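First comes the structure, then the notes that go with it.
The values are calculated or read from the model by the stated rules, or taken from the named source; none is laboratory data. None of these values were measured; they are calculated from a predicted model. Every residue, glycine among them, receives a Cβ derived from its backbone with ideal geometry; neighbour counts consider all protein chains shown.
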């Protein structure tokens with residue numbers, strides 16, 4: 001995965017996680033870890049759907 005795609009994944013995951021982290025108190029917790037992991041998984045699925053719909057022409 002190139003650096004540009006990593007940045008896009010981080011931005012998308014951050015946006016997705018923000019809703020769940022609105023009331024976060026700043027302390028580490030299993031709920032925090034779960035929210036982040038879920039957001040990353042969803043962002044990866046979104047990128048996979050985009051790639052399948054519009055495949056890259058550059059190989």
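Per-structure values
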item	result
Filter result (modelled with pLDDT of 90 or more and farther than 22 Å from residue 6 by Cβ) within segment 30-59	30
Qualifying residue in segment 17-26 (condition: under 9 Å from the mean Cα position of the chain (by Cα) and surrounded by 11 or more Cβ atoms within 10 Å (Cβ to Cβ))	yes
Odd one out for residue 6, checked against (1) part of a helix (DSSP H, G or I); (2) surrounded by 12 or more Cβ atoms within 10 Å (Cβ to Cβ)	(2)
Residues being in contact with a helix residue (DSSP H, G or I) (Cβ under 8 Å, 6 or more places away or on another chain) and part of a loop (DSSP other than H, G, I, E, B) - total across segment 13-59	3
